[in-house]
1. Which residue is farthest from M694 (Cα to Cα), if the candidates are limited to the stretch 651-673 and must be crowded, with 17+ Cβ neighbours inside 10 Å, over 29 Å from the mean Cα position of the chain (by Cα) and of a type in the set (A, V, I, L, M)?
2. So which of Q416, Q391 is touching a residue at least 24 places away in the same chain (Cβ under 8 Å), surrounded by fewer than 22 Cβ atoms within 10 Å (Cβ to Cβ), touching a helix residue (DSSP H, G or I) at 6+ places or on another chain (Cβ under 6 Å) and over 20 Å from A601 (Cβ atoms)?
3. Return yes when G339 is buried (at least 18 other Cβ atoms within 10 Å of the Cβ), of a type outside the set (F, W, Y) and assigned to a helix (DSSP H, G or I) and no when it is not.
4. Identify the residue in the stretch 674-698 that is charged (D, E, K, R) and surrounded by fewer than 18 Cβ atoms within 10 Å (Cβ to Cβ) and, among all such residues, is farthest from H629 (Cα to Cα).
5. Just to check your reading of the model, which residue among A210, A203 is out of contact with any helix residue (DSSP H, G or I) (no Cβ under 8 Å at 6 or more places or on another chain), free of Cβ contacts under 8 Å to residues at least 12 places away in the same chain, exposed (fewer than 15 other Cβ atoms within 10 Å of the Cβ) and under 26 Å from E135 (Cα atoms)?
6. Could you grab me the full set of residues in the stretch 616-652 that are in a loop (DSSP other than H, G, I, E, B), over 12 Å from H602 (Cβ atoms) and either free of Cβ contacts under 8 Å to residues at least 40 places away in the same chain or out of contact with any strand residue (DSSP E or B) (no Cβ under 9 Å at 6 or more places or on another chain) (or both)?
7. Can you find, within the stretch 571-582, the residue that is farthest from the chain's Cα centre (by Cα) among those that are part of a helix (DSSP H, G or I) and surrounded by fewer than 20 Cβ atoms within 10 Å (Cβ to Cβ)?
8. I'm trying to understand the selection: among the residues of the stretch 408-445, which are within 30 Å of E215 (Cβ to Cβ) and among the hydrophobic types (A, V, I, L, M, F, W, C)?
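Just so you know, all these numbers are worked out from the coordinates, no wet-lab data involved. Keep in mind that this is a model prediction, so the values were computed, not measured. In this analysis, Cβ positions are derived from the backbone assuming ideal geometry, glycine residues included, and neighbour counts consider all displayed protein chains.
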Amino acid sequence: MNKTLLLLLIAIILWLPGRAQQQPGWWKRNNLRAIQTNLPDYEAATLNPDSLVADLVKFSANTLIINAGGIMAFYPTKLPYQYQNPYVKRDFLKDVVAKCHKQGIKVIVRFDFSRVHESIYKAHPDWCYISPKGERMTNPGMYTVSINGPYVQQCAFGIVTEVMDNYPIDGIFLNMPGYQTNNTYEGRYMGIDQNEYDKKRFAEFSGGKALPLEENKTDTLYQQYLKFKKFTLDDWAKRLYTLVKGKNPQTAICTYTDQYVDIIRHETQAVPSLPLWPYSAADNVNNAGTTFPDHVISNASIQQISFQSRYNAIEPEEISIRLYQNMAHGSGLDLSMMGDTRGYEDERNYKAISKIYGLHKKHEPYFGRYTSIAKIAVVAPGSWPNGTPAQEYRGIQQILQEAHIPFDIIEDNQLQNRGDKLKNYKVIILPDITFLNDGSVKQLKAAIANGTNIIATNIALNDNAALLTELFGAKLKSLSTDAAGNYMVPEDRAIFKNFKGQTMLFMKYNLALYDLSGADKTGLPLLAKGRTGPPEIIGGHDITGDKMLAIKQHGNAKAVLMSFNVGRLYYNNGYQEHKQLLLDMLNNIYPDAEKQLITNAHAKVETVLQLYAKNTATNKSDNDGMILHLINLTGVSSTSYLPALPVYNISLKIKSGYKPARVTDLLSGRPVKFTYADGYVTFTADRLDDYKIMLIDR
């Protein structure tokens, strides 16, 4: 080989890694159409790579998520600390990756480092979780591990290395990362891990302190433990990121957290409790996408009804709503099914999956590059809200959804990182968010100083008495959990304009009474419980002197405290009076709240209005116009997802700073007649079946 050729080859070898690093990740297009085959161990013996790939092509999927390792190896492993799936008789993973790549399908492999097989536990019991009561967290044949033990801190990296060295994968998906306090598959809370490795590392982190035994967010020790968890998880994620990107920068990292991750995954699951929550996918994508705008969001529709009912899938109408909401709010498509596509125990959704994935493929340039127009933000109680705070939060969302008011969602503990965004909102709503970290408080105050109004509901910010007084002029006097029998009076008709014929509004749930002497204005007088019956003696609902509304002026901004469960009342009971209380208050402090999108659409037609840019490799514009998604939820019953009823002649009047070049019904390709006057574009959607997209092009 001559010297010139040798030097050229060396230069190419040195240039290629840098070139790969410079190329944007394949996932950055935000056009995922992912299908996860969540394989049980026994299907490793029967899975046919040819039929699997044929089904993925038929479904228009462009990404497969499939088992690789962790709990058990779905490939021939040589590692002594990884349990070999006994049903693996051939290297089917190698064939799946090769055949997917031949069809242009990316392959993300699944790892789960949350548990080990009992054989690993018996050899290394010190690697595993132990509760404050000394109990192990187990599932049949499996033991939950400790984050700071050798399995997660060392062995996990060996497993990832083995897979990446032997298979040209496109990404890794980490299932169930993080600290475990719940036995998820059994629905049992067990507490903070007291493993010796955790004790030692926390002592090093905290200057010798012992681990907390209870999760109490007002306890300073627990607050330090939360910082410890973040530190250790970020440290582990950084090490994994360094390993993976060092081997191949084009390998995506996907999981449920945000640090050192390319794709944040979320899940929409069926839940056993009522009422139904048909906005779950919208909630998840809006929350994660607004909170972490630099990440791709992939919200998985979980096919199974529950862990106990894995072999039954949700209804076709439910998965359709989930997938439509994913697209409308800026995510790609993602679903997780229990096992192989062939021999699946409940195939009723296949037609809907094929239809919607095909729709996304056909119109791919119109998905995945959206910018919110929202002037209102709702603060979420975490990324996975639950319990009564989730009911308040969901009720607030439902009110805004049904009123067709655009809004963003931002996770509570991430407000500290979104100061740039907060100052641009006209209203921020805190639904029963009792605690905010110092950084988030600072950013909230900065937004108020910049003219942003806030509305806090129920016992929001009750963990910070000084902040309550500063923002609302309120001091808590008493708190009970039984407001049933009490009433509020919407006496100030300058604010509460929509209560013709009503003078008393019923209450339930919490009853928080405040000294509001520091407020600039109060309202909604509270009436006493009185006498409930028999009918001959009812009455006695006297004025108590307490008020359920406080307003304090801060320059050009107002801080409003509605000290009752307005969201939870609507979420669980659905009476329009509670919905109207919030809407009237919102319109009072922000008169343009309902003027971005004016429509006669039914309350169960979800309207999602965004700015959009065509999602193509060559398009350099960041604004090609507006896109309006209409999702028909009229088939959502009290306990069922039924076929939606067609909705006709939906009038749409949208605020626009430009006269559109055209308005188009995207899915049919038909032009739509419109008018433009006084800063509004007006047109009609003649018929909505399950889903419609309207383009308002510049």
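1. Within the stretch 651-673, the match that is farthest from M694 (Cα to Cα) is V672.
2. Going through Q416, Q391 in turn, the sole match is Q416.
3. Criteria not met by G339.
4. The extreme case among them is D678.
5. A203
6. T616, A617, T618, N619, K620, S621, S637, S638, T639, S640, P643, listed by residue number.
7. Step one: list which residues in the stretch 571-582 are part of a helix (DSSP H, G or I), which gives 571-573, 576-582.
Those still in the list that are surrounded by fewer than 20 Cβ atoms within 10 Å (Cβ to Cβ) too: 572-573, 576-577.
Values: N572: 21, N573: 24, Q576: 27, E577: 28 Å.
Restricting to residues being part of a helix (DSSP H, G or I) and surrounded by fewer than 20 Cβ atoms within 10 Å (Cβ to Cβ), the top hit is E577.
8. Selection gives I409, I410, L415, L422, I428, I429, L430, I433, F435, L436, V441, L444.
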